[in-house]
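Novice: Take a look at this one; I'll ask things after.
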């Protein structure tokens, strides 16, 4: 079943457009998980990118939201975030599911998206990131939201291809 996948209004103000496009890409990503078996959610179908599973994509996107809004924008602690803890030996650490079920990964992603939405709602689009340890900490919230739209959309496209390779299910909306 296709979820409600509405684009933002054509005459939306900037914040409504940015938040609306981000939420649309998030919904598309979650939609690609609908009806997947646990085995398929964790099955690799891209030989050169074994960590790119549907489950891995969801875990990665949870950490992307955390990294950009809680760590880079708010200046929070990156401890426990594989994006910051990864070593040269495991550059895909934030894609690893560590035995978590797709349901658990989706719940974590939903919670992180809700937290991200709270952060965005409480800030001005002109507010600049607080984490000076990273060059991207110089960006304002507007820039970070555009990047999140870009990255979420890119990975929603990956999920579309992975899903089609898994069981033939395809479609945008």
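The values are calculated or read from the model by the stated rules, or taken from the named source; none is laboratory data. This one's a predicted model, so the numbers in the text were calculated from it and none came from an experiment. No Cβ is skipped: glycine too gets one built from the backbone with ideal geometry, and neighbour counts run over all protein chains shown.
Novice: Among the residues of segment 19-43, write down those that are in contact with a helix residue (DSSP H, G or I) (Cβ under 8 Å, 6 or more places away or on another chain) and loosely packed, with under 14 Cβ neighbours inside 10 Å.
Specialist: 38
Novice: Determine the pairs where a residue that is touching a residue at least 24 places away in the same chain (Cβ under 8 Å), located within segment 106-127, has a partner that is surrounded by 16 or more Cβ atoms within 10 Å (Cβ to Cβ) and assigned to a loop (DSSP other than H, G, I, E, B) with Cβ atoms under 8 Å apart, the partner being 6 or more residues away or on another chain.
Specialist: 106/33; 108/100; 119/74
Conditions (1) under 13 Å from residue 73 (Cβ atoms); (2) in contact with a strand residue (DSSP E or B) (Cβ under 7 Å, 6 or more places away or on another chain), marked per residue:
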position	(1), (2)
96	no, no
100	no, no
125	yes, yes
129	yes, no
170	no, no
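Novice: Next question. Please specify each residue of segment 133-160 satisfying the condition of being out of contact with any strand residue (DSSP E or B) (no Cβ under 8 Å at 6 or more places or on another chain), more than 15 Å from residue 65 (Cβ to Cβ) and without any contact (Cβ under 8 Å) to a residue 12 or more places away in the chain.
Specialist: Answer for segment 133-160, where residues must be out of contact with any strand residue (DSSP E or B) (no Cβ under 8 Å at 6 or more places or on another chain), more than 15 Å from residue 65 (Cβ to Cβ) and without any contact (Cβ under 8 Å) to a residue 12 or more places away in the chain: 133, 135, 143, 157.
Novice: So if I check each of 166, 141, which one is surrounded by 14 or more Cβ atoms within 10 Å (Cβ to Cβ), closer than 30 Å to residue 16 by Cβ and in contact with a helix residue (DSSP H, G or I) (Cβ under 8 Å, 6 or more places away or on another chain)?
Specialist: 141
Novice: Could you please give the count of residues in segment 45-74 that are more than 30 Å from residue 127 (Cα to Cα) and surrounded by 16 or more Cβ atoms within 10 Å (Cβ to Cβ)?
Specialist: 7
Novice: Mind listing whichever residues of segment 2-18 are surrounded by fewer than 18 Cβ atoms within 10 Å (Cβ to Cβ), over 17 Å from residue 164 (Cβ atoms) and in contact with a helix residue (DSSP H, G or I) (Cβ under 9 Å, 6 or more places away or on another chain)?
Specialist: The answer is 3, 4, 5, 6, 7, 8, 9, 12, 14, 15.
Novice: To continue, here is another question. Condition (residue is part of a helix (DSSP H, G or I) and either surrounded by 14 or more Cβ atoms within 10 Å (Cβ to Cβ) or touching a helix residue (DSSP H, G or I) at 6+ places or on another chain (Cβ under 8 Å) (or both)) applied to segment 127-135: is it met by at least one residue?
Specialist: Looking for residues that are part of a helix (DSSP H, G or I) and either surrounded by 14 or more Cβ atoms within 10 Å (Cβ to Cβ) or touching a helix residue (DSSP H, G or I) at 6+ places or on another chain (Cβ under 8 Å) (or both), one finds none in segment 127-135, hence no.
Okay, residues lined up against (1) part of a helix (DSSP H, G or I); (2) surrounded by fewer than 19 Cβ atoms within 10 Å (Cβ to Cβ); (3) more than 19 Å from the chain's Cα centre (by Cα); (4) modelled with pLDDT of 95 or more:
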{"position": "90", "(1), (2), (3), (4)": "no, yes, yes, no"}
{"position": "104", "(1), (2), (3), (4)": "yes, yes, no, yes"}
{"position": "107", "(1), (2), (3), (4)": "yes, yes, no, yes"}
{"position": "116", "(1), (2), (3), (4)": "yes, no, no, yes"}
{"position": "154", "(1), (2), (3), (4)": "yes, yes, no, yes"}
{"position": "172", "(1), (2), (3), (4)": "no, yes, no, no"}
